[in-house]
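Enquirer: I'd like to ask you about the structure that follows.
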Amino acid sequence: MARRSDHTREQLTELILEAGEKIIATKGLRELTVRQIGTAIGYSAGSVYNVFRNLDDLISHINARTLRALETKIAEVQETGDVHADAKSVLQVYSRFQAEHSKLWAANNVHAMRQDIEQAQIYDEALEAVVDCVVRIVSPGLPNRSDKEVRKSVRVLWASLLGIASVPASARFLKEGGYSVDLMAEDLVDHYLRGLIAEQDDQEPHR
């Protein structure tokens, strides 16, 4: 087993995160243990705990990496000024990312909803960066909305989409209604934005 001096703290941190991310991506969050990570990188479990406070802290950091990866993808969307088109582009990126990284995304959702833990600061920062990215893209299409209002709307949609994502694709009410998770998400975003636009049409610009 490798000695702790074989890697710097920064290198060891990256090794741990990469190993944990790989375990979640292939086996799911429930299979993640500190012992497995230690074995994967050739270190003891104690070495992992020297870097992260506990398993929840480690998971929070892994989830932050997932959010940063999503942010990178969303940042590639070029805003057009048409809030419907831009929001649809963001939603497509979101849905594709969720499908391609299903186990990592599920880990993010499950862990983020827990009320018995405090997320690492790096997670909160990563989530805020995603919000910032979406706000930048949709703001031009909502010229009469303040930055604060747009950010609130993005957060509402984010929370709602997390709820939709938790619905099993095999759920009976989806099949019987001829719906899918993706269609529900599109419907939600479309109707929510139509409501925002209808409201702003009656308002004077106040940015």
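Enquirer: How much of the accessible area of the chain, in percent, comes from carbon and sulfur atoms when a 1.4 Å probe is used?
Expert: Values: 5980 of 11700 Å².
Ligands and nucleic acids excluded, carbon and sulfur give 51 percent.
Enquirer: Follow-up question, since we're still on this one. Highest mean first, how do 74-81, 179-186 rank when packing is the count of other Cβ atoms within 10 Å averaged over residues? Walk me through the intermediate numbers first.
Expert: Details: 74-81: 14.0, 179-186: 16.0.
Going by the mean number of other Cβ atoms within 10 Å, highest first, we get 179-186, 74-81.
Enquirer: So what is the 222 nm mean residue ellipticity for the chain from helices alone, if each DSSP H run of at least 4 adds -39500 (n - 2.57) and you divide by all residues, rounding to the nearest 500 deg cm²/dmol? It would help to have the intermediate numbers written out before the result.
Expert: Working: 10 runs with 144 residues, N = 207.
Calculated from helices alone, the mean residue ellipticity at 222 nm is -22500 deg cm²/dmol.
Enquirer: Oh, and also: Rounded, prolate or oblate for region 103-207? Axes are the square roots of the Cα gyration tensor eigenvalues, ordered a ≥ b ≥ c, and the cut-off for rounded is a/c under 1.5. Please report the intermediate quantities before stating the final value.
Expert: Numbers: a/c = 2.88, a/b = 1.23, b/c = 2.34.
In terms of gyration-tensor shape, oblate.
Enquirer: Extension gain Lys22-Glu10, at 0.36 nm per residue separation less the Cα-Cα distance, in nm?
Expert: Details: separation 12, 0.36 × 12 = 4.32 nm, distance 1.84 nm.
Full extension from Lys22 to Glu10 adds 2.5 nm.
Enquirer: Would you mind checking region 36-52 for residues with the amide N under 19 Å from a putative spin-label position 7 Å along Cα→C-beta of Val110?
Expert: Label zone hits: 36-38.
Enquirer: Could you tell me whether the chain comes out rounded, prolate or oblate from its Cα gyration tensor? Rule is a ≥ b ≥ c as square roots of the eigenvalues, rounded for a/c under 1.5, then prolate if a/b exceeds b/c, otherwise oblate.
Expert: Values: a/c = 2.79, a/b = 1.84, b/c = 1.52.
Here the chain falls in the prolate category.
Enquirer: Through the Karplus equation 6.51 cos²θ - 1.76 cosθ + 1.60, θ set to phi - 60°, convert the phi angles of region 81-88 into ³J(HN,Hα) values in whole Hz; use x for Gly and Pro.
Expert: Ordered by residue, 3J(HN,Hα) equals x, 8, 4, 5, 5, 5, 5, 5 Hz.
Enquirer: Output wanted: per-residue J couplings in Hz (rounded whole) for region 150-160, from phi through Karplus 6.51 cos²θ - 1.76 cosθ + 1.60, θ = phi - 60°, x for Gly and Pro.
Expert: Those phi angles translate into 5, 5, 5, 5, 4, 5, 4, 5, 4, 4, 5 Hz.
Enquirer: So, in nm, how far is label Ala99 from label Leu183 when the simple model puts each one 7 Å beyond its Cα toward the Cβ?
Expert: 1.5
Enquirer: Quick one: dipole size for region 94-149, taken about the Cα centre, charges +1 on Lys/Arg Cβ and -1 on Asp/Glu Cβ, in debye to the nearest 20.
Expert: Once rounded to the nearest 20, the dipole reads 300 debye.
Enquirer: What ³J(HN,Hα) values, in whole Hz, does the Karplus curve 6.51 cos²θ - 1.76 cosθ + 1.60 give for region 25-33 when θ = phi - 60°, with x put for Gly and Pro?
Expert: My calculation for region 25-33 gives 5, 9, 10, x, 4, 4, 8, 7, 9 Hz in order.
Enquirer: Pairing the Cα long axis of helix 181-200 with the longest principal axis of the chain, what angle in degrees results, from 0 to 90 and rounded to the nearest 10?
Expert: Between the helix axis and the principal axis of the chain, the angle is about 50 degrees.
Enquirer: Just name one of Trp105, Val90, Phe52: the one whose Cα is farthest towards the positive end of the charge dipole of region 1-119 (beta-carbon charges, Lys/Arg +1, Asp/Glu -1).
Expert: Phe52
Enquirer: Under 19 Å between C-alpha atoms is the cut-off here; go through the chain and count lysine pairs that meet it, provided they're at least eight residues apart or on different chains. The partial results should precede the final answer.
Expert: Values: Lys22/Lys103; Lys27/Lys103; Lys73/Lys88; Lys73/Lys103; Lys88/Lys152.
Summing the qualifying lysine pairs gives 5.
The values are calculated or read from the model by the stated rules, or taken from the named source; none is laboratory data. Source: prediction; values computed, not measured. For neighbour counting, all protein chains shown are included, and Cβ atoms are generated from backbone atoms with ideal geometry for every residue, glycine included. Only protein heavy atoms, including side chains, enter the accessible area calculation; ligands, DNA and RNA are left aside. Shrake-Rupley method; radii C 1.70, N 1.55, O 1.52, S 1.80 Å.
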